1. Could you tell me how many of the residues in segment 18-30 are surrounded by 15 or more Cβ atoms within 10 Å (Cβ to Cβ) and assigned to a helix (DSSP H, G or I)?
2. Search segment 21-41 for residues that are free of Cβ contacts under 8 Å to residues at least 24 places away in the same chain and pair each with any residue that is surrounded by 13 or more Cβ atoms within 10 Å (Cβ to Cβ) when their beta-carbon atoms are under 7 Å apart and the residues are at least 6 apart or on different chains.
Amino acid sequence: MSNVILEVKKLVSEETFKELKNELHTYEDWESVYDEILKEIEEENLKNIDHDSEK
């Protein structure tokens, strides 16, 4: 369980992490947030790749 929490902590600001700690209570909650963060990062990377290829 702590691995997912640590990974989330690496990816978000300290303030966001504190908010998440107050809101998330189960491993599944943390896992869900982690998956969502990874999805957003991947989408952002794809946008950047598309933008770079347009240049």
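Bear in mind these aren't lab numbers, they're just calculated from the coordinates by the rules spelled out. Just so you know, these numbers come straight off a predicted model, no measurement behind them. Cβ coordinates were reconstructed from backbone atoms using ideal geometry, including for glycine residues, and neighbour counts include every protein chain displayed.
1. At the first step, the residues of segment 18-30 found to be surrounded by 15 or more Cβ atoms within 10 Å (Cβ to Cβ) are 20, 24, 30.
When the remaining residues are screened for being assigned to a helix (DSSP H, G or I), the result is 20, 30.
Total meeting the criteria: 2.
2. Partner pairs satisfying both residue conditions: 24/30; 24/33.
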